[in-house]
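Q: There's a structure below that I have some questions on.
No lab work stands behind these numbers, since they all come straight from the coordinates. In this text the structure is predicted, and so the values were computed from the model without any measurement. Backbone-built Cβ (ideal geometry, glycine too); neighbour counts: all protein chains shown.
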Amino acid sequence: MERSLVLIKPNAMKRQLAGTILSRLEAQGLKIVALRMRHINKALARRHYTAHKSKPFFKDLIDYITSSPIVAVVFAGDGAVEAIRRIMGDTNPVKAKPGTLRHDFGLDIQQNAVHGSDSSESAEKEIKLFFRKDELFDY
């Protein structure tokens, strides 16, 4: 069973979409194996988005993700990373297909409602940023 991290971002939290987003992912056969609501501090946000540190939007990205609590979730399932990427849709909500999370709930390319790991390798690293090993459940 592959695992992947999903973050329900501030704009989705402010619009009370967390339950809807979780439900849509579960409805596709993915299983929640860790869940936490938290306010990300800037240090964690910088570590999480380190791949974007040289990009002009980095500061805005950090300010946004730290602007309110988020929900961090680890989902497990066969091909979880790819399945979640498909369910989320394109990063830009304008380009995302109807029925995807980002199309249905994203406001713009930055406020796109959810983050999902882009590979198994990224998922392993990202999960470790948000959860300890003993917080991941097998059932």
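Q: If each residue of separation counts as 0.36 nm, what is the full-extension length gain between Asp90 and Ser120 once their alpha-carbon separation is subtracted?
A: 9.0 nm
Q: A further question on this structure: Compute the signed sum of charges (Lys and Arg +1, Asp and Glu -1) over the other residues within less than 13 Å, Cβ to Cβ, of Asn41. Please list the in-between numbers first.
A: Details: positive: Arg38, Lys42, Arg46, Arg47; negative: Asp63.
Around Asn41, the charge tally is +3.
Q: OK, next. For segment 7-23, what does the Karplus curve 6.51 cos²θ - 1.76 cosθ + 1.60, with θ = phi - 60°, yield as ³J(HN,Hα) per residue in whole Hz, taken in order and with x for Gly and Pro?
A: After applying 6.51 cos²θ - 1.76 cosθ + 1.60, I find 10, 8, 7, x, 5, 5, 5, 5, 9, 6, 9, 4, x, 5, 5, 4, 4 Hz.
Q: How many angstrom lie between the C-alpha centres of segment 1-51 and segment 59-75?
A: 9 Å
Q: Here is a follow-up. Regarding segment 1-81, what's the average projected area of the Cα-atom convex hull, expressed in nm²?
A: Working: hull surface 22.4 nm².
The number I arrive at for segment 1-81 is 5.6 nm².
Q: Hey, another quick one. Given only helices, namely DSSP H runs of n ≥ 4 each adding -39500 (n - 2.57), what is the per-residue ellipticity at 222 nm of the chain, to the nearest 500 deg cm²/dmol?
A: Helices in the chain give a 222 nm mean residue ellipticity of -10500 deg cm²/dmol.
Q: Give me the net charge of Ile62's neighbourhood, meaning all other residues with Cβ under 12 Å from the Cβ of Ile62; Lys, Arg count +1, Asp, Glu -1.
A: That sum, taken over residues with Cβ under 12 Å, equals +4.
Q: Which residue, Met37, Met13, Met88, tops the fluctuation ranking in a GNM of the chain built on C-alpha contacts under 10 Å?
A: Met37
Q: How big is segment 37-109 along each principal axis, measuring the range of its Cα positions in Å and listing the largest first?
A: Here the spans come out as 32, 28, 22 Å, largest first.
Q: First select every other residue whose beta carbon is under 10 angstrom from the beta carbon of Ser4; then total the charges, Lys and Arg +1, Asp and Glu -1.
A: Working: positive: Arg3, Arg85; negative: Glu2, Glu82, Asp118, Glu124, Glu126.
Taking every other residue near Ser4 into account, the sum is -3.
Q: Given springs between every Cα pair under 10 Å in a Gaussian network model of the chain, which of Thr66, Thr100, Thr50 has the largest fluctuation?
A: Answer for the Gaussian network model of the chain: Thr50.
Q: With the radius of gyration and the Kirkwood radius both derived from the Cα set of the chain, what is their ratio Rg to Rh?
A: Reported Rg/Rh (Cα atoms, Kirkwood Rh): 0.93.
Q: Per 0.36 nm of contour for each residue apart, how much would the distance between Ser68 and Glu135 grow if the chain were fully extended, relative to their Cα-Cα spacing?
A: My answer for the length gained is 21.9 nm.
Q: Right, another one. Any chance you could run the full-extension gain for Thr20 through Leu107? It's 0.36 nm times the residue separation minus the Cα-Cα distance, nm to one decimal.
A: Here the segment from Thr20 to Leu107 would lengthen by 29.7 nm.
Q: Work out, in µm²/s and without decimals, the Stokes-Einstein translational diffusion coefficient of segment 90-139 at 4 °C, 1.567 mPa s, Rh from Kirkwood over C-alpha pairs.
A: 104 µm²/s
Q: When the dipole is taken about the Cα centre of the chain, and only Lys, Arg (+1) and Asp, Glu (-1) are charged at their Cβ, what size is it in debye, to the nearest 20?
A: With Lys and Arg at +1 and Asp and Glu at -1, about 480 debye.
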